[in-house]
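Participant: Below is a structure I'd like to ask you about.
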Amino acid sequence: MNNSSAHRILASLSTEEKIGQIIATSVGHHAVDQVNAAGASSDLAAAGAITAGVLRTAEEIAEFHLGGVCYFPSRPDGQLPGEVAEITARLQQAAPIPLLVSTDQEGGRVARLRRGFSLFPSAMALAAIGDPAVARQVARTSAEEMRAVGINHVFAPDADVNSNPANPVIGTRSFGADPERTAEFVVEMIAGYREGGVASTVKHFPGHGDTATDSHLGVPVLERSERDWRAVDLPPFQAALRAGVDTVMGGHLVLRFAGPEPATYAYPIMTTILRDELGFEGLVVSDALEMEGAVAGRDPDEAVVDALLAGIDQLLMPRSTAGAVAALRRAAADGRLPIARLDQACLRVLRLKESLGLLTPPQQAARGVVVGRQQPAAVDLARRAVTVIGTVRTLPVGTNVLLVADPALVEDLRLGLMDRGLWVTVAGADRWSDPQELASRAPGFDAVLVVCNDAWKNPEQNPPVAELLAELPDALLVAVGTPYDAALADGRHSAWLTYGFNQTQALGLAIALTDPERPPAGSLPVPLQDQAVSGPAV
């Protein structure tokens, strides 16, 4: 008989309480465009962090005995550390059993903790630095800051191998296109999270890197043969399992050779491969079940039963918590959901909580952590990641610079360059409709920077950017999304690559452009393919 805290708690729970433990709801808003959605305005107008939305989430946690919550900020610019800590503490007060409080804090463009936190560059930027030990340091710092504000579970690192340049959802979230190199960085991140006291999650199993559909919007299909999947997509996940990753997140994508179902609902993937073949014994969490890739062609309430039976343990963000709970109750009552399977999933949730010290009161907040203290180091990492294809040309103090770009995209870069003594003018190119008119503004400037974000696959930007560069032979091309835009330079212009463009990466680029003593030395984590010049087939 096992006398662990997890087993003792499991034995005391009713079926309804077990169901609650395997569901994680959300607090805040999944996307910036949801901040102004119906019902959100009163939250934003309220004073303090404990808004009506937080109180509704707390009520849901108490009513359904929920075991987890996923944190999102409720404002477009994020929430300060003290506010996040206040929210997580209030939600924990509502929970009958301490919550797994999770968030997406990958770095780069996927970072829910921004204001006042150390905001690190993307995974691909870290890979461009070339030292996996850097990833460990980043993960440890990030984990310490998360734990300090009450977050104990991170949905990172991303183990997807970005082998498809047209991938619309992974891109710079991946460490690159090489499976073994990706595995090295994944292993170091897992170690860093462990050292910082936060549970890690490797995602998106069985691999989202060679897909051309965003699973938020549809169902991606991985067409690889089993042999190629095992050679390309599987190695980082295998390395993560050997490194003791706490959680595996399944992806809403079809692995063609394994059957027609998305992995979330595919027993051959989530159980036969992940459990039986690879031997993973930890927690398996779904990707957000509100996503279109999860509910396409399905009843969103009944989908949670299918996911659980396939091998998912924690059901993340179903579209209706009440509907999901009701569906699971019905399935347990009529025998479709064996109680043994429910117990298995619930025990895995409880075991993870136990490993984090959540089941042993009293709970102590992390002490001695000054949140945000590593922001200067994060900017320096972003500087080190900058990769130049072509000649490195730095800009001295007093240089009069024309930035040809979407003004909203380059505001942080503009401010960073001005802080370093440059004169900066922005020529709006949000539509790229008239490259010759944009080129006509260049005379009189000492330097022209053409800034684009995945223009190579955007038919509205690709030809105009190429035409603009042809008109400006001395311009620098700055690619602030995936590095494939470098192909637009066609060997005639220097291409500066940042692998993402959060505020940290914009400031790192500003330093790289202006400091001849610290020239950029990043290296490409992905090959630049010829098709990037003309963009993907339409």
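Participant: Considering each of 266, 322 in turn, give the residue that is more than 30 Å from residue 228 (Cα to Cα) and modelled with pLDDT of 95 or more. Walk me through how you get there before you give the answer.
Facilitator: Values: 266 fails: more than 30 Å from residue 228 (Cα to Cα).
Matching residue, one of 266, 322: 322.
Participant: Collect the residues in segment 276-307 that are of a type outside the set (Gly, Ala, Ser), more than 25 Å from residue 334 (Cβ to Cβ) and assigned to a helix (DSSP H, G or I), keeping them in residue-number order. Outline the logic, then answer.
Facilitator: Initially, segment 276-307 is screened for residues of a type outside the set (Gly, Ala, Ser), giving 276-278, 280-281, 283-285, 287, 289-292, 295, 298-302, 304-306.
Within this subset, residues satisfying the condition of being more than 25 Å from residue 334 (Cβ to Cβ) are 276-278, 280-281, 283, 285, 287, 290-292.
Passing the criteria: 276, 277, 292.
Participant: If you check residue 247 against the conditions, is it surrounded by fewer than 20 Cβ atoms within 10 Å (Cβ to Cβ), of a type in the set (S, T, N, Q), touching a residue at least 40 places away in the same chain (Cβ under 8 Å) and within 25 Å of residue 6 (Cβ to Cβ)? Write out each step before concluding.
Facilitator: Values: surrounded by fewer than 20 Cβ atoms within 10 Å (Cβ to Cβ): no; of a type in the set (S, T, N, Q): yes; touching a residue at least 40 places away in the same chain (Cβ under 8 Å): yes; within 25 Å of residue 6 (Cβ to Cβ): yes.
Answer is no for this residue.
Participant: Within segment 458-476, track down each residue that is of a type outside the set (S, T, N, Q) and out of contact with any Phe, Trp or Tyr (no Cβ under 7 Å at 6 or more places or on another chain). Let's see the steps before the verdict.
Facilitator: Filtering segment 458-476 down to residues of a type outside the set (S, T, N, Q) leaves 459-460, 463-476.
Matches in segment 458-476: 459, 463, 466, 467, 468, 469, 470, 471, 472, 473, 474, 475.
Participant: What's the number of the only condition in (1) more than 21 Å from residue 283 (Cβ to Cβ); (2) of a type in the set (A, V, I, L, M); (3) free of Cβ contacts under 8 Å to residues at least 60 places away in the same chain that residue 219 fails to meet?
Facilitator: The single condition residue 219 does not satisfy is (3).
Participant: I would also like to ask the following. Among the residues of segment 169-178, which ones are surrounded by fewer than 23 Cβ atoms within 10 Å (Cβ to Cβ) and either in contact with a strand residue (DSSP E or B) (Cβ under 8 Å, 6 or more places away or on another chain) or not small (Gly, Ala, Ser) (or both)?
Facilitator: As a first pass, look at segment 169-178 and keep what is surrounded by fewer than 23 Cβ atoms within 10 Å (Cβ to Cβ): 169, 177-178.
If the condition is that a residue be surrounded by fewer than 23 Cβ atoms within 10 Å (Cβ to Cβ) and either in contact with a strand residue (DSSP E or B) (Cβ under 8 Å, 6 or more places away or on another chain) or not small (Gly, Ala, Ser) (or both), then 169, 178 are the ones that fit.
Participant: Give segment 289-319 a look and list any residue that's under 19 Å from residue 274 (Cβ atoms), modelled with pLDDT under 95 and aliphatic (A, V, I, L, M), or say none.
Facilitator: Of everything in segment 289-319, just one residue is under 19 Å from residue 274 (Cβ atoms), modelled with pLDDT under 95 and aliphatic (A, V, I, L, M), namely 294.
Participant: Mind checking which residues of segment 308-321 are in a loop (DSSP other than H, G, I, E, B) and touching a residue at least 24 places away in the same chain (Cβ under 8 Å)?
Facilitator: Of the residues in segment 308-321, the ones in a loop (DSSP other than H, G, I, E, B) are 311-313, 317-320.
Result: 311, 312, 313, 317, 318, 319.
Participant: Identify the residue in segment 294-307 that is touching a residue at least 40 places away in the same chain (Cβ under 8 Å) and farther than 23 Å from residue 353 by Cα and, among all such residues, is nearest to the chain's Cα centre (by Cα).
Facilitator: Among those that are touching a residue at least 40 places away in the same chain (Cβ under 8 Å) and farther than 23 Å from residue 353 by Cα, it is 294.
Participant: Something else about it: For a quick check of your reading of the model, give me the residue pairs whose first member lies in segment 195-213 and is acidic (Asp, Glu), whose second is assigned to a loop (DSSP other than H, G, I, E, B), with beta-carbon atoms closer than 6 Å and at least 6 apart or on different chains.
Facilitator: Pairs that qualify, where the first residue is acidic (Asp, Glu) and the partner is assigned to a loop (DSSP other than H, G, I, E, B), are 210/163; 210/164.
Participant: Any residue in segment 499-521 that is more than 21 Å from residue 77 (Cα to Cα) and modelled with pLDDT under 95 sitting within a Cβ distance under 6 Å of a residue that is surrounded by 21 or more Cβ atoms within 10 Å (Cβ to Cβ) and of a type outside the set (Lys, Arg)? List the pairs, counting only those 6 or more apart or interchain.
Facilitator: Close Cβ pairs satisfying both conditions: 520/386; 520/512.
Per-residue answers, yes or no, for (1) out of contact with any Leu (no Cβ under 7 Å at 6 or more places or on another chain); (2) crowded, with 23+ Cβ neighbours inside 10 Å:
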residue: 405; (1), (2): yes, yes
residue: 410; (1), (2): no, yes
residue: 439; (1), (2): no, no
residue: 443; (1), (2): yes, no
residue: 450; (1), (2): no, yes
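Participant: Now, a different point. Considering (1) modelled with pLDDT under 95; (2) more than 22 Å from residue 175 (Cα to Cα), say which one residue 271 fails and leave the rest.
Facilitator: (1)
Participant: If you scan segment 253-293, which residues turn out to be among the small types (Gly, Ala, Ser) and without any contact (Cβ under 8 Å) to a residue 60 or more places away in the chain?
Facilitator: In the first step, residues of segment 253-293 are kept if they are among the small types (Gly, Ala, Ser); the result is 258-259, 263, 266, 279, 282, 286, 288, 293.
Once the filter is applied, which keeps residues that are among the small types (Gly, Ala, Ser) and without any contact (Cβ under 8 Å) to a residue 60 or more places away in the chain, segment 253-293 yields 258, 259, 263, 266, 279, 286.
Participant: Go through segment 129-168 and give me each residue that's touching a Leu at 6+ places or on another chain (Cβ under 9 Å), surrounded by fewer than 21 Cβ atoms within 10 Å (Cβ to Cβ) and in a loop (DSSP other than H, G, I, E, B).
Facilitator: 168
Participant: Right, here's the next one. Restricting attention to segment 327-358, and to residues there that are among the small types (Gly, Ala, Ser), free of Cβ contacts under 8 Å to residues at least 40 places away in the same chain and surrounded by 15 or more Cβ atoms within 10 Å (Cβ to Cβ), which single residue is farthest from residue 102 (Cα to Cα)?
Facilitator: To start, the set of residues in segment 327-358 that are among the small types (Gly, Ala, Ser) comprises 327, 331-333, 335, 340, 345, 355, 357.
Still in the running and free of Cβ contacts under 8 Å to residues at least 40 places away in the same chain: 327, 331, 333, 335, 340, 357.
With surrounded by 15 or more Cβ atoms within 10 Å (Cβ to Cβ) added as a condition, the list becomes 327, 331.
On the way: 327: 24, 331: 27 Å.
By that ranking, first place goes to 331.
Participant: Consider only pairs whose beta carbons are under 7 Å apart and that are at least six residues apart or on different chains; among these, list those whose first residue lies in segment 130-148 and is assigned by TED's automatic domain parsing to the domain that holds residue 106 and whose second residue is modelled with pLDDT under 95.
Facilitator: 144/366; 144/369; 145/369; 145/371; 147/366; 148/366; 148/369; 148/371
Participant: Sticking with this structure for a sec: Would you confirm, using the coordinates I've provided, whether residue 112 is crowded, with 19+ Cβ neighbours inside 10 Å, at pLDDT 95 or above and of a type in the set (Lys, Arg)?
Facilitator: The answer is yes for residue 112.
Participant: Considering (1) in contact with a Gly (Cβ under 7 Å, 6 or more places away or on another chain); (2) under 17 Å from residue 195 (Cβ atoms); (3) not in a helix (DSSP H, G or I), say which one residue 115 fails and leave the rest.
Facilitator: Of everything listed in (1) in contact with a Gly (Cβ under 7 Å, 6 or more places away or on another chain); (2) under 17 Å from residue 195 (Cβ atoms); (3) not in a helix (DSSP H, G or I), residue 115 misses just condition (2).
Participant: Return yes or no: is residue 536 surrounded by fewer than 21 Cβ atoms within 10 Å (Cβ to Cβ), at pLDDT below 90, in contact with a helix residue (DSSP H, G or I) (Cβ under 9 Å, 6 or more places away or on another chain) and in the same structural domain as residue 440 (by TED's automatic domain parsing)? Full working, then the answer.
Facilitator: Details: surrounded by fewer than 21 Cβ atoms within 10 Å (Cβ to Cβ): yes; at pLDDT below 90: yes; in contact with a helix residue (DSSP H, G or I) (Cβ under 9 Å, 6 or more places away or on another chain): yes; in the same structural domain as residue 440 (by TED's automatic domain parsing): no.
So residue 536 fails the test.
Participant: Looking at segment 84-106, which of the residues that are of a type outside the set (A, V, I, L, M) and touching a residue at least 60 places away in the same chain (Cβ under 8 Å) is nearest to residue 171 (Cα to Cα)? Full working, then the answer.
Facilitator: Here is the first cut: in segment 84-106, the ones of a type outside the set (A, V, I, L, M) are 86, 88, 90, 92-93, 96, 98, 102-106.
Those left that are additionally touching a residue at least 60 places away in the same chain (Cβ under 8 Å): 88, 92, 96, 98, 102, 106.
Values: 88: 31, 92: 35, 96: 39, 98: 35, 102: 23, 106: 13 Å.
Here the answer is 106.
The values are calculated or read from the model by the stated rules, or taken from the named source; none is laboratory data. Everything numeric in this text was worked out from a predicted model, so none of it was measured. Because the Cβ atoms are built from the backbone with ideal geometry, glycine has one as well, and the counts that use them run over all protein chains shown.
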